[in-house]
Amino acid sequence: MDRETDIPESHPRYESLLTRHRIEAGVEKGITSKQGLIAQGRGEAFDYLLGEETTESADGAARAAAAHLLLAERPVLSINGNVAALVPGEVVDLANAVDAALEVNLFNRTEARMEAIAEHLREHGATAVKGLAGDGEIPGLEHARGTVDADGIYAADVVLVPLEDGDRAQALAEMGKVEIVIDLNPASRSPQVADVPIVDNVMRAVPNITAHAQTLEGTERESLERIVAEFDADEALERAETRIRTGRF
Ligand code: ATP
């Protein structure tokens, strides 16, 4: 029995029930917005069609993401209400593995929710959390949507934006950043504009990037650069869509 949820781990829908429980708890704690519940429902439908497993191509994307993050000078992991509710400890582990900053970055920014998420991340081991300064602007977005930290996402060379809104993903790409997106819907705009789209559930994708980063740790730059160069974003999206439509790959 899982102490967090009282769901037996042998339950055939264990992962899905755990995910729902975490999102619900996130809303109750003031971390996740009600919109986040809708986003989760949308994601679940795609996950069901993907077979609720990490596909080979999503695994390749996670490996390319790990290589990008290890090569980066100023990597930042962007955290929203769903990500904080679903994988708080896992994003802290990833930040430690690749020496990245964590930045709270909300579509519906309120000071109370920013604080609650930062606190939640600290409870899960984060020592520094960015996003509260809000002294930078992503060009091309109306004020509240574009607010970031000047020494965080604004200055980052590689950003991981799980479950990002399409407009903001596009604006970040236009700033010339290497953008890694985790999203279960390959037709959503965010994975479409990403340098590395990972079509997988954040619950599986984040620990998987960390595992790849740990394996690649100490690998020479040239090999990491080769992994990055060999990754094909269009092919990854195409394979994900084929999996969803036909069950193949
Ligand atoms: P866009 O503006 O990019 O076209 P959208 O309007 O479809 O996107 P939203 O509803 O804002 O997107 O965000 C939800 C997105 O997050 C969906 O694409 C959904 O598939 C994805 N998503 C939801 N839950 C998860 C999860 N647990 N793991 C990965 N992706 C998820």
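The values are calculated or read from the model by the stated rules, or taken from the named source; none is laboratory data. In this text, all values refer to a predicted model and were calculated from it rather than measured experimentally. Positions of Cβ are generated from backbone atoms using ideal geometry, with glycine treated the same way; all protein chains shown enter the neighbour counts. For the accessible areas, the whole protein counts, side chains as well, though only heavy atoms, and no ligand, DNA or RNA atoms are used. Shrake-Rupley method; radii C 1.70, N 1.55, O 1.52, S 1.80 Å.
Things to note:
- Cβ separations smaller than 6 Å between residues 6+ apart or across chains give no pair from region 130-152 residues that are in contact (Cβ under 8 Å) with a residue 60 or more places away in the chain and basic (K, R) to residues that are outside any loop (DSSP other than H, G, I, E, B) and open to solvent by less than 70 Å² (accessible area, probe 1.4 Å).
- Scan of region 185-200 for residues that are outside any helix (DSSP H, G or I), open to solvent by 20 Å² or more (accessible area, probe 1.4 Å) and within 9 Å of the ligand (Cβ to nearest atom), ordered by number: N185, A187, S188
- Neighbours by Cβ (under 7 Å, 6+ apart or cross-chain): first from region 170-191, over 24 Å from E142 (Cα atoms) and touching a residue at least 12 places away in the same chain (Cβ under 8 Å); second of a type in the set (S, T, N, Q) and near the ligand (Cβ under 8 Å from one of its atoms): L184/N201
- Residue match in region 229-245 (condition: within 21 Å of R74 (Cα to Cα), in contact with a Ser or Thr (Cβ under 8 Å, 6 or more places away or on another chain) and within 16 Å of the ligand (Cβ to nearest atom)): no
Yes/no per residue for (1) among the acidic types (D, E); (2) in contact with a Ser or Thr (Cβ under 6 Å, 6 or more places away or on another chain); (3) within 21 Å of V158 (Cβ to Cβ); (4) open to solvent by less than 70 Å² (accessible area, probe 1.4 Å):
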{"site": "L77", "(1), (2), (3), (4)": "no, no, yes, yes"}
{"site": "V83", "(1), (2), (3), (4)": "no, no, yes, yes"}
{"site": "D99", "(1), (2), (3), (4)": "yes, no, yes, no"}
{"site": "N105", "(1), (2), (3), (4)": "no, yes, yes, yes"}
{"site": "A112", "(1), (2), (3), (4)": "no, no, no, no"}
{"site": "I117", "(1), (2), (3), (4)": "no, no, no, yes"}
{"site": "L121", "(1), (2), (3), (4)": "no, no, yes, yes"}
{"site": "G131", "(1), (2), (3), (4)": "no, no, yes, yes"}
{"site": "H143", "(1), (2), (3), (4)": "no, no, no, no"}
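- For region 25-56, filtering for residues that are outside any loop (DSSP other than H, G, I, E, B), within 16 Å of the ligand (Cβ to nearest atom) and open to solvent by 30 Å² or more (accessible area, probe 1.4 Å) leaves 14.
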